[in-house]
Structures are given as structure tokens and as C-alpha cells.
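The values are calculated or read from the model by the stated rules, or taken from the named source; none is laboratory data. All values reported here derive from a predicted model rather than from experimental measurement. With ideal geometry, Cβ positions are generated from the backbone for all residues, glycine too; neighbour counts draw on all protein chains shown.
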2 protein chains.
Amino acid sequence: MCPAPLRETVPATTPAASLVFTTVLSHGPLTRADVARRTRLSPAAVTKAVRPLMEVGYLVEDLDAGARPAIGRPANLVRVDGGRALFIGLKVTGDEIIAVLTDLCCRIRVARHVPLTGREPSAVLPVLLAMVQELLVEAEGFGVRVSGLGIAVSGDVDRVDGVVRYSPFLDWRDVPLADVAGTATGLPITVDNDVRALTVAEQWFGAGVGLSDFALVTVGAGIGCGLVVNGRVVSGAHGVAGEIGHLSIDPLGPLCHCGNQGCVEVIASDPAILREVRAATGRPLATAAEALELARGGDPLAREVYARAGAAIGRAIGSVVNVLGPERVIISGEGLAAYDLFAEDIRTAFATSAFGTAAQCDLTTRPLPFEEWARGAAATAIQSFIGPHTPQD
Amino acid sequence: MCPAPLRETVPATTPAASLVFTTVLSHGPLTRADVARRTRLSPAAVTKAVRPLMEVGYLVEDLDAGARPAIGRPANLVRVDGGRALFIGLKVTGDEIIAVLTDLCCRIRVARHVPLTGREPSAVLPVLLAMVQELLVEAEGFGVRVSGLGIAVSGDVDRVDGVVRYSPFLDWRDVPLADVAGTATGLPITVDNDVRALTVAEQWFGAGVGLSDFALVTVGAGIGCGLVVNGRVVSGAHGVAGEIGHLSIDPLGPLCHCGNQGCVEVIASDPAILREVRAATGRPLATAAEALELARGGDPLAREVYARAGAAIGRAIGSVVNVLGPERVIISGEGLAAYDLFAEDIRTAFATSAFGTAAQCDLTTRPLPFEEWARGAAATAIQSFIGPHTPQD
DNA sequence: CTTTTTTCATTGACAGTGGAAAAGAACCAC
DNA sequence: GTGGTTCTTTTCCACTGTCAATGAAAAAAG
């Protein structure tokens, strides 16, 4: 009579359960008492939230005695059983799709990528769906169902409706990605902006854990920035935020396609650096990697370009920090391969442009393997899976 | 036996009551049904929240039939009875204390200011307390008790502890203002940063009502910025945020005391404008008002200075908007007296520096009479009075 | 001039959430 | 053992806000 439920129930049914689950998820194995202290819930509430989550296997008792107190009853550690559920994360770029299969703790189990031949939705979607199928097959090998699919796309993305409003890079407008992917795969879909997705991953599983205010700066083909303020990811009133790529750093700098001069992006993005190194040295370099090699080899002109790029990034970070006063800035991105060349310049430019207390802000760097973007997408899927009661901090 | 309560109970005891009260407070007279729709509470919950608030007189039925629907039972409007409680707001500047007595709707009933002879806490506090006494006497004339005192100070202020951590302007460090004022007056005290206080006033009673993301930019002796993101005022991880005064606009501009060149504040603050007009015209002007007069008179060199100031402000606003994507920016401050001189420049500079969707952001200007700062302080007191369940939006 | 329709407001029953207090459990130290 | 300490669970309960039904007040319809 009663039809079988189409999807596994979400782990957290009440705000308290959600809070407990996300706390354990982010802060690793914890005792119930610890969870109670962290969440400011009563111990009783924690016990009651943990039990049903254990019964369905999302939480498990961690038998590594480990952190037992010197005195008193030994504590039982509780942790999330990552293997209990799988998620697929996809990042769609202009020329490829990067895909990962992760567990509930957002650890990557499988990573793939396929090139794209066209950018129109009609060219991308079949490849995307084929990739999902491929990973679903992989997932069978783990004997666990896939509980969600996250898709990250650059540009203006409406996560609530799952619509890509406008992606300049892909030249997409108003593509109802969640609907399409949902009907095709039957999975719960989360669509979000790529930088925001990466920010969610850092907030829950990375260098942003436990911070109520931080920024994530990505350096690569473009310069992006994700923000967490008061424990919540910032989306802006119109769905767009963190556009630091077009902060104007040098009014006399090169002309940017946005119409201004000296934007961060036209000084410090990978293509900009390549262009500048080419111009400075007169060599016909083809890729950013070649420019990097030249600079690493000690070419002073090339190094100068990297120094300028670092200074621009540092000043952009300084602006963000002055405005928001975050606790930490995480610097990441493909461009980080050149980090050794401009780390110093980023820090000095930041230090001089940060005003007052803002200078206390911690700068952390973090390598960004190519699968990381897709992992961010998986993180958003995990977030959706856990439920609507996302706690603010 | 049972001692009389020392202070009136706060209006809102439950989250729902708080939500209802703040909704009615900000959105003027509303029908219960409207409140229910706005807050997404059930109609029953609204009725139950309103009743006790009416019994103690904070809410009243508004008998101005006014907005009756074309069909169906006519609605009863509910509004806050502003006269039911009074609040004192104080702003401490370097050379005077500005004070207001407001009602619960943050309407100014009495405004005062006294000059200060010294900046040390020992010189300021007696004057401050005398001012409070004076307004308490005034308040007796209204036959209503004063329910809270808000104090606004520039610099790094910890609202939770009521401590002025560091105010460069006053040269205060770690002054426990809330404790001192609390024991001296017996009133509940709220101490906050001045710009944040102004932001709260706008969020609850001004041009920020109903917006989840907006910025408030103040132009005057300094350039400040208050931010509301996701419906909450931004304080930053270290208690400081919105420091746009030292965003560097022109790397070749005048040297700022912060060590950088071409900060907004060294181009567009009142003293900076005065200095520049003096330098450009060679005239021995004494005040910003004289410089303003000169520019209004048509002096091209003076006008040029204002145009540069406007452009700097516009670009600073552009930076904030690119980073946060607010729905609106409210431009205010004493410097707004000169608004006609640089309005155009602000807008053009903003338009060129705002990227993509960010340009949709609405720029609003709002005059800032001198009592406004003190009114901001009163708004924080009202916020504290209503209770800890401040809703996020 | 009823009756119906529509919307607003209230009531009382109720489900569900999380807290308080007390008891139980497991260990160490003496 | 006994007492002390901390973690965990249990039981009971206060409380909040929703549901569904009911009442109220007006306009529109018959």
C-alpha cells in the first residue's frame, strides 16, 4: 500500500539534531559532553539527538578510547560515519567537467574529468549526465547509495531555485539546472556558484571550521572571493558577492574588459600574468606554466610581474579585510602554484593596506588541486542533505 | 515580601513575540494578518504574541480604520505605542556630547549637546552623567520612565561587554563604560560603536527597514561604513568592520596618517577637502564651511577638489558593493552638506567601478542632523530593551 | 433583506522540542 | 571498598507555536 520512500530520510529532523550533526561533522570525533558545550545544548538534548542518528548509522561510536579525561567516567567519542552515504560533486568549467565522488565527510573517493566540446547547455548536459551515471556505477562498488548531487558553476547562480541565471564564462542564461539534472537522475540536486561552493567546503571541512567570519580568495584564471559573515555564506542581495576581481588597484594600470583600469584581475590572474611576462620579456610564451618557469629560473623581468601580481592580490585582500574584519583569509586557487613567487608580496601589500585591528587577520594558504572545485560542489550537496536547519556558526 | 521589580520587564519574552514586536515597530501599523504573513508565523501565534504586549501597553490598536480590504472582515491595525517608554541616546565626540531623549519608536523628543573640556574619561564621564540626569528630569515631564541608555563612541567598542576597547579619537583604552554608567544611573546600558549604532537606527527605523543587505556610508570628519549582511549588523571577528576610510583609491594621492597614499579619508573627509581647497586656491580658509562656500560660488579649483572627493567616495562605495552585493547604500554624514557638489561624481564613479549585477544597487542619500548620531545610540538601547531574540531580518 | 463569500481574528487542543533534575555508569585515588 | 569526578541517560515537564474549528464583520449576490 504505502510506497517505499524514494529517498533516504535526511539525518537531522530538528534544529538541535542538525546542530549536533554538523558539529560532529566539522569538529571530528567528539564526546557528547563536548558537543553539548559547543552547541550550548543540554547534555540530555545531545543524547536525544544522537540516538536516532546512530540508529540509522550516520553517527557511530568511536571506540578509539583516545581522549579520556584524567578523572571521572571515560567519555565515548561520537563521529560521523563517512561511509554511510556518498555524494557526487561536479564543477562545470568552460572546457571540462570535473567530478568527484565523496563520502559524507566530504573525503574524495573517486575523481574524474572529461573535456567538453561545446559550452551550450545542449552540449554540456549530456556529458554531465553521463558523468553522473559513471559515478553512480562507481558508487555501487561501495555498496552505498548516492544521496545527493552538487553542481558548481561560475557566475550568477540561484541556489534556492537551482537556476544558473547568468554565467559569462559558459554564456548560459537562466538554465534550470537543478530541474534538468533532477529529473534525469532522480537525485536531490544542489546548484551553486563555484566560489561559494568552495567556501562551504572550507567552512564545514577545511580551514574555516569554527570561524564565524572568514574569506576565501581564489587566484587563477580569475580572482574570486567567497565570504562567511556571522557564520553564514554571503550571497548578496542580487545573488552575487565577493567580486574582488574588479576592485581597481592601480588607476593607471592595464585596461580591463570591465572598462576600468588596473583591476586585480587584469594584473594578477593567470592570463594577465602570462600577458605581462610576455610583454616584459618579449618571449613568445604559450602558457602560464612557461611564464612561471621563466620566473622561477630567475628572470628579473618576469619576477617583477609576479611581484606586481602579488601586491595587487595583497591589496585586494586588504580591502576585503578592512571592510569585513574577518578572522582569517584563506588564499587558494590554481594560481597558487606560483605562490612562492608572490607570497612575500601578498603579505607586505596586505600588511600595509590593512588598517588597525584588521591586520590581526590571519592569512592562510591552501593548495587547490583541480578536484577541489568539484569537492566544493559535493559539500553543498552534503549541506542540502543534512537539511534546512543550517546553524549559523 | 516580594520586592518590586527593579525594571520594567522587556516586552518580548519568546522568539515569536520578539519577531512580532520588531516587525510592528519597523513596519508601522500592521494588521495581525499582515504580521503573520511577514513573519511566516501562524495567525494564532500572532494573536497570542500581541495580547500580552497590548496588556502592558507596548502595542495598541490603531483605530484609524485606514487600510481595510475591499472585501471581508475589516482588519484591525496594531502599532507600537511610542510614548510607552523613553530612551536616552548619547554620542561622545572629541569635543562634545550629543544627547537625545527618544520614544520607543526612536522619535526624538528632546535633543541637547554640551561641549567637553577634556577627552580623558575622568573629564568626559561627569559631563556624560550630568547630561543623563538632565534628560531624566526632562523625561519626568512625559510621565514615562526611561527604559534604557545607549552610548555611541567611535573606535573599537565591545558591545557585549560594554567596553570601549580603543578609541583613537578620544584616546580611550579599555574603558568599561557600561559598568560605570550602569552603576551611576541604574539604567540598562548599551555601548556600541557610533557607525554601527547609526546602522542599527537605519535598519530598524530608517532606509534599511526590510533589507537584509545594505551599507551605510558616513561622510564627514572621517569616512565610515556600517554593514548589514543577512539581516545582521557586521561587527567583524575582532570587533571592527566597515573601515573604508583607508581603502586606497589613488596610489599616487596624498600621504595618509595610516602610512598609505590616497586613502579615501585623505581625499574626501572634511579636513582633507579643506586642506586641498586651501592648497589649490591658496586662500587661508579656516573651516570646511568656507571651502564649501567657495566651491558653491563657482571657484573651479575648489569644485575640482570636491569632484575628486566625490569620485573617491564613489569608488569606495563601488568596492563595498562589489564585495558584498548589498541591496542599497545609504550615504549620510555631516559632509552631505556638500552633497550637491559631488553627488554626480559619486554616482559616476560608483557606476564605473561597480561590476555586473552590483550596479543594480540603489544609492540613497539621507541628511544627517547632528542629533542623528545620538539617535543611533538610542536605537541600540531600544534593541537591547526588546531583548536578546533579535531576529535576522 | 437574507444568504453567501471573503478575510480577519480567536480559541482550545495538541504535538513536539529541549531543559531540569536525578539517577546511573565508569573510572581514579585513597 | 569508599568517595570523588565526570560522562551519559532517563524521566518528567514547561513551553512554544501550529492546526483546525469557530466566531466576527463586512461586501457581494441572490
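Conditions tested, residue by residue: (1) under 12 Å from A:Ala374 (Cα atoms); (2) of a type in the set (D, E, K, R).
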site: A:Ala85; (1), (2): no, no
site: A:Cys105; (1), (2): no, no
site: A:Ile108; (1), (2): yes, no
site: A:Ala111; (1), (2): yes, no
site: A:Ala130; (1), (2): no, no
site: A:Arg145; (1), (2): no, yes
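Test B:Ile244 against the criterion of being at pLDDT 90 or above, β-branched (Val, Ile, Thr) and in contact with a strand residue (DSSP E or B) (Cβ under 6 Å, 6 or more places away or on another chain), and give yes or no. The answer is yes for B:Ile244. Residues that are at positive phi, of a type outside the set (Ser, Thr, Tyr) and away from every other protein chain (no Cβ under 14 Å) occur at least once in segment A:375-389. Applying the condition of being assigned to a strand (DSSP E or B) and surrounded by fewer than 24 Cβ atoms within 10 Å (Cβ to Cβ) to segment A:249-265 and asking which residue is nearest to the other protein chains (Cβ to nearest Cβ) yields A:Gln261. What about A:Leu59, is it modelled with pLDDT of 95 or more, more than 12 Å from DNA strand C (Cβ to nearest atom) and of a type in the set (A, V, I, L, M, F, W, C)? Yes; evaluated as a whole, the condition is true for this residue.
Of all the listed residues (B:Arg328, B:Arg308, B:Arg366, B:Arg375), the sole one being among the basic types (Lys, Arg) and free of Cβ contacts under 8 Å to residues at least 60 places away in the same chain is B:Arg308.
Outside any strand (DSSP E or B) and at positive phi: does that describe A:Gly236? First the steps, then the outcome.
Numbers: outside any strand (DSSP E or B): yes; at positive phi: yes.
Yes, satisfied.
Quick check on segment B:21-49: of everything there that is surrounded by 22 or more Cβ atoms within 10 Å (Cβ to Cβ) and within 11 Å of DNA strand C (Cβ to nearest atom), which residue is nearest to the other protein chains (Cβ to nearest Cβ)? If we take residues in segment B:21-49 being surrounded by 22 or more Cβ atoms within 10 Å (Cβ to Cβ) and within 11 Å of DNA strand C (Cβ to nearest atom), then B:Ala49 is nearest to the other protein chains (Cβ to nearest Cβ). Within segment B:290-331, the residues that satisfy the criterion of being within 14 Å of chain A (Cβ to nearest Cβ) and not in a helix (DSSP H, G or I) are B:Gly325, B:Pro326, B:Glu327, B:Arg328, B:Val329, B:Ile330. Screening A:Thr287 with (1) within 25 Å of A:Ala343 (Cβ to Cβ); (2) within 9 Å of chain B (Cβ to nearest Cβ) gives one miss only, at (2).
Segment A:6-56 holds helices (runs of 4 or more DSSP H) entirely within its bounds, and those carrying 1 or more residues that are without any contact (Cβ under 8 Å) to a residue 24 or more places away in the chain and farther than 16 Å from A:Asp81 by Cα map to A:32-39, A:43-55.
Taking into account only those residues within segment A:337-368 that are surrounded by 14 or more Cβ atoms within 10 Å (Cβ to Cβ) and within 16 Å of the chain's Cα centre (by Cα), which is nearest to A:Leu324 (Cα to Cα)? Among those residues, the one meeting the criterion is A:Thr364.
Cβ separations smaller than 9 Å between residues 6+ apart or across chains give the following pairs from segment A:271-298 residues that are assigned by TED's automatic domain parsing to the domain that holds A:Ala337 and over 18 Å from A:Val219 (Cα atoms) to residues that are modelled with pLDDT under 90 and surrounded by fewer than 13 Cβ atoms within 10 Å (Cβ to Cβ): A:Arg278/A:Pro284; A:Arg296/A:Asp340. Hey, B:Ala201 hits all of (1) under 18 Å from A:Gly236 (Cα atoms); (2) within 11 Å of the chain's Cα centre (by Cα) but one; which does it fall short on? Only one criterion is unmet by B:Ala201, namely (1). Given the condition in a loop (DSSP other than H, G, I, E, B) and closer than 25 Å to B:Glu120 by Cα, answer yes or no: does some residue in segment B:188-205 qualify? Checked segment B:188-205: at least one residue is in a loop (DSSP other than H, G, I, E, B) and closer than 25 Å to B:Glu120 by Cα. From the list B:Gly242, B:Gly208, the lone residue that is crowded, with 24+ Cβ neighbours inside 10 Å, more than 10 Å from every other protein chain (Cβ to nearest Cβ), in contact (Cβ under 8 Å) with a residue 40 or more places away in the chain and outside any helix (DSSP H, G or I) is B:Gly208.
The single condition from (1) within 16 Å of DNA strand C (Cβ to nearest atom); (2) basic (Lys, Arg); (3) surrounded by 13 or more Cβ atoms within 10 Å (Cβ to Cβ) that B:Arg84 fails is (1).
Each residue in segment A:152-179 was checked for being among the β-branched types (Val, Ile, Thr) and either over 24 Å from A:Phe87 (Cα atoms) or surrounded by fewer than 18 Cβ atoms within 10 Å (Cβ to Cβ) (or both), and 1 of them qualify. Among the candidates A:Asp103, A:Asp81, the residue that is within 17 Å of A:Leu187 (Cβ to Cβ) and either within 16 Å of DNA strand D (Cβ to nearest atom) or charged (D, E, K, R) (or both) is uniquely A:Asp103.
So for segment B:29-51 (the condition being more than 16 Å from DNA strand D (Cβ to nearest atom) and not basic (Lys, Arg)), does at least one residue qualify? The answer is yes; a qualifying residue exists.
Against the list (1) part of a helix (DSSP H, G or I); (2) more than 14 Å from every other protein chain (Cβ to nearest Cβ); (3) closer than 25 Å to B:Phe370 by Cα, the condition B:Ala280 fails is (3). Of the residues making up segment B:211-239, just one is facing chain A (nearest Cβ under 8 Å), among the polar types (S, T, N, Q) and in contact with a helix residue (DSSP H, G or I) (Cβ under 9 Å, 6 or more places away or on another chain), namely B:Ser235.
Here B:Ala349 fulfils each of the conditions (1) within 11 Å of chain A (Cβ to nearest Cβ); (2) modelled with pLDDT of 95 or more apart from (2). Taking the listed residues B:Pro52, B:Pro121, B:Pro74, B:Pro126, the one that is out of contact with any strand residue (DSSP E or B) (no Cβ under 7 Å at 6 or more places or on another chain), over 25 Å from B:Gly206 (Cβ atoms) and away from DNA strand C (no atom under 12 Å from the Cβ) is B:Pro126, with no other qualifying. Only one of A:Glu371, A:Glu334 is away from every other protein chain (no Cβ under 14 Å), of a type in the set (D, E, K, R) and surrounded by fewer than 20 Cβ atoms within 10 Å (Cβ to Cβ). Can you tell me which? Being away from every other protein chain (no Cβ under 14 Å), of a type in the set (D, E, K, R) and surrounded by fewer than 20 Cβ atoms within 10 Å (Cβ to Cβ) holds for just one of A:Glu371, A:Glu334, which is A:Glu334.
Taking the conditions exactly as written (farther than 13 Å from A:Gly335 by Cβ, surrounded by 19 or more Cβ atoms within 10 Å (Cβ to Cβ) and aliphatic (A, V, I, L, M)), does A:Val277 satisfy them or not?
yes
Out of curiosity, is B:Val56 in the same structural domain as B:Ser167 (by TED's automatic domain parsing), hydrophobic (A, V, I, L, M, F, W, C) and either within 19 Å of B:Ala16 (Cβ to Cβ) or away from DNA strand D (no atom under 12 Å from the Cβ) (or both)? So B:Val56 fails the test. On the given criteria, is A:Pro168 without any contact (Cβ under 8 Å) to a residue 24 or more places away in the chain and within 14 Å of chain B (Cβ to nearest Cβ)? The answer is yes for A:Pro168.
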